[in-house]
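> Here it is, the structure in full.
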Amino acid sequence: MNTAAARCPGHRAGRSPGRVLTGAALVASLALVSCTAAEVSPQPVASSSAAGDPGTFTFGAAADPFTLDPALANDTESYRVTRQLMEGLVGVDPLTSEPTPLLAESWEERDSGRTYEFTLREDVLFQDGEPFDAAAVCANFDRWYTLPPAARQDGPLLAFERVFRAFSDQPELSLYEGCTATSQYTLTLQLARRTTSLIPALAAPGFAMGSPAAFTANRTGELNPSRSGVPTSGFATAPVGTGPFELVSWQPGEVRLDSFDGYWGERGEVDRVVFTTIPDANSRARALTSGRIDGYDFISVDSAVDLARNGFQFLQRDPYSVLYLGMNQDFPGVDDPLFRQAVAHAIDKPALIEGRFLDGTRSTAQFLPEKLGISTETVTDYSYDPELARDLLDDAGYDGRELPFYYPRSVSRPYLPSPEKAYAELSRQLVAAGFNIRPVPIDWGEGYVDAVQQPGDRAFHLLGWSGTYQDPDNFTGDLFGTYSDEFAYDDPQLVSKITRARGLPAGQERRDAYADISAQISDRLPAVPLALPVSALAMSPRVLSYPVSPVMHEVFNRIDLADVEPEPAPSG
């Protein structure tokens, strides 16, 4: 299999920032070479799709989606599917990750950031044939604002709450004041006060537009969602958007999509998409080499070299997620700052990264990726010092009590490709510094996120955060902008600083404000930031180009596939 990184600049479907590595390069080194897209020599190759159909692209997912309503989602695999089905007003520039027009052709800020006027595209239909217009946009905003408490569930904040702060049952706290259709294709969005991150945030998948006719329609058919507790009927299982693909079926272990005939944009070369769930990273690698799938995400270090030797492509994203060790201050003793400082000094971050994360992963002292350009000069960087950690534990009065440490199994995340291995090393380091650790493994699909983001008996947990739009508030604000049961960390001063920073206009003052926020988080240590991991995909040689994106805005109508050589007829 002959692979190459070539013709990347300006290629139709490959304008995303990413890095490609071919087999020989990876065998020599796991370092990856900069390029705007992955391409291979355009030779005919045998189809590797599971269906044996040249128009089918089969993707190995690390987990089932939790829901197909992006307004109710917080997980990578739900967003990966819904990005194919639904689109928002604002898109993502594939080179810079800056906001760009999508369903909105343009927008204008007015009234010192308290009003935005949007002008919409006029050639867009929903997949049910309903027109996309200003009334539909306002119906989406009003639906998000009035989501009932039962639909929100306990756990991570939903996209609307992260940006607009509250729903209709707390109007005094919400930034949302209304949406008005001023003509068929223009609308105004009213805010209680400026939030500078609004336009970048509207590019997040949680703000994708659905057909209002589908919000109440009973369109479940034979769809079978995979997670208890998530709505099992209506829009959550049968979403209708304006995207290049529409839903065919959803069942445990598999989602099927077809190209949408009425799509307003370029439909591309992929006629059908199959997401097949393969939780284990090494099993996904075997599925790729056997031809069962055409590509997968979250390559493990274990499988990287073997894949490269067999000529498969590696596509690296610029780091835009953070792995952290969470600490629950409701657990006895964890509320003592000396105890949390002891934890920070007990961790050897380079040793954690070595051999468990792809080359290019860096340790970090803050929760903000380097891509955001926020200064780290005032951030406290706790050096690895197990003896100091022991002294701090003594000063904190730690009596050796058992410390439950929750960690996920049967999953790969952008920030955590091999959870069990990361846990094993962290646990070893903490035990060496005098902590009495009790492991509590929980399968990701059995409610791990819910378990660590609700009140519980855990002392520690392993989790991370992946950015979905380019703004520092997407990290510090979403993680620490309000009290959460995940950390049981109550810091009104920090919340006040984050609220102020959200309203500052773009510029140096706002960057300085987020640098100060980052410094305060590092000083008070509700969690220990560990790494800014590199995540990477593997693709078969039939994939000429894939739209790699740091914020994972990866829509499959922008995939280029090689011409497929017909299978030879059987002899005789």
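> Please find, among LEU525, LEU532, the residue that is modelled with pLDDT of 95 or more and on the phi > 0 side of the Ramachandran plot.
Working: LEU532 fails: on the phi > 0 side of the Ramachandran plot.
The match here is LEU525.
> Kindly indicate whether any position in the range 556-566 is assigned to a strand (DSSP E or B), of a type in the set (Asp, Glu) and surrounded by fewer than 24 Cβ atoms within 10 Å (Cβ to Cβ). Let's see the steps before the verdict.
As a first pass, look at the range 556-566 and keep what is assigned to a strand (DSSP E or B): 560-561, 564.
Next cut, of a type in the set (Asp, Glu) only: 560.
Subset that is surrounded by fewer than 24 Cβ atoms within 10 Å (Cβ to Cβ): 560.
Within the range 556-566, one or more residues are assigned to a strand (DSSP E or B), of a type in the set (Asp, Glu) and surrounded by fewer than 24 Cβ atoms within 10 Å (Cβ to Cβ).
> Now for a separate question. Which of (1) open to solvent by 10 Å² or more (accessible area, probe 1.4 Å); (2) closer than 30 Å to TYR406 by Cα is the odd one out, the single condition VAL551 does not satisfy?
With respect to (1) open to solvent by 10 Å² or more (accessible area, probe 1.4 Å); (2) closer than 30 Å to TYR406 by Cα, VAL551 is out only on (1).
> Tell me which of these PRO350 doesn't satisfy, since it passes every other one: (1) assigned to a loop (DSSP other than H, G, I, E, B); (2) in contact with a strand residue (DSSP E or B) (Cβ under 9 Å, 6 or more places away or on another chain); (3) under 30 Å from ALA396 (Cβ atoms); (4) open to solvent by 40 Å² or more (accessible area, probe 1.4 Å).
With (1) assigned to a loop (DSSP other than H, G, I, E, B); (2) in contact with a strand residue (DSSP E or B) (Cβ under 9 Å, 6 or more places away or on another chain); (3) under 30 Å from ALA396 (Cβ atoms); (4) open to solvent by 40 Å² or more (accessible area, probe 1.4 Å) applied to PRO350, the lone miss is (1).
> Hey, could you check the range 442-455 for residues that are free of Cβ contacts under 8 Å to residues at least 60 places away in the same chain and surrounded by 18 or more Cβ atoms within 10 Å (Cβ to Cβ) and say which is nearest to ARG162 (Cα to Cα)?
TYR448
> Can you find, within the range 417-438, the residue that is most open to solvent (accessible area, probe 1.4 Å) among those that are out of contact with any helix residue (DSSP H, G or I) (no Cβ under 7 Å at 6 or more places or on another chain) and of a type in the set (A, V, I, L, M)?
Selected residue: VAL431.
> Would you check if there is a residue in the range 138-153 being polar (S, T, N, Q), surrounded by fewer than 18 Cβ atoms within 10 Å (Cβ to Cβ) and either more than 23 Å from PHE480 (Cβ to Cβ) or more than 27 Å from the chain's Cα centre (by Cα) (or both)? Don't jump to the end; show me each part of the working.
Residues of the range 138-153 that are polar (S, T, N, Q), as a first pass: 140, 146, 153.
From what is left, the residues that are surrounded by fewer than 18 Cβ atoms within 10 Å (Cβ to Cβ) are 146, 153.
Adding the requirement that they be either more than 23 Å from PHE480 (Cβ to Cβ) or more than 27 Å from the chain's Cα centre (by Cα) (or both) leaves 146.
The answer is yes; a qualifying residue exists.
> Could you check the range 244-262 and list, in sequence order, the residues that are touching a strand residue (DSSP E or B) at 6+ places or on another chain (Cβ under 9 Å) and either farther than 23 Å from PHE132 by Cα or open to solvent by less than 30 Å² (accessible area, probe 1.4 Å) (or both)?
Scanning the range 244-262 gives PRO244, PHE245, SER249, TRP250, PRO252, GLY253, GLU254, VAL255, ARG256, LEU257, SER259, PHE260.
Results for (1) touching a strand residue (DSSP E or B) at 6+ places or on another chain (Cβ under 8 Å); (2) crowded, with 24+ Cβ neighbours inside 10 Å; (3) in contact (Cβ under 8 Å) with a residue 40 or more places away in the chain, shown as yes or no for each residue.
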position	(1), (2), (3)
VAL440	yes, no, no
ASP457	yes, no, yes
HIS461	yes, yes, yes
GLY464	yes, no, yes
PHE487	yes, no, yes
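The values are calculated or read from the model by the stated rules, or taken from the named source; none is laboratory data. These numbers come from a predicted model, not from an experiment. Virtual Cβ from ideal backbone geometry, glycine too; neighbours counted across all protein chains shown. Accessible surface is based on the protein model in full, side chains and every heavy atom, while ligands, DNA and RNA are left aside. Shrake-Rupley method; radii C 1.70, N 1.55, O 1.52, S 1.80 Å.
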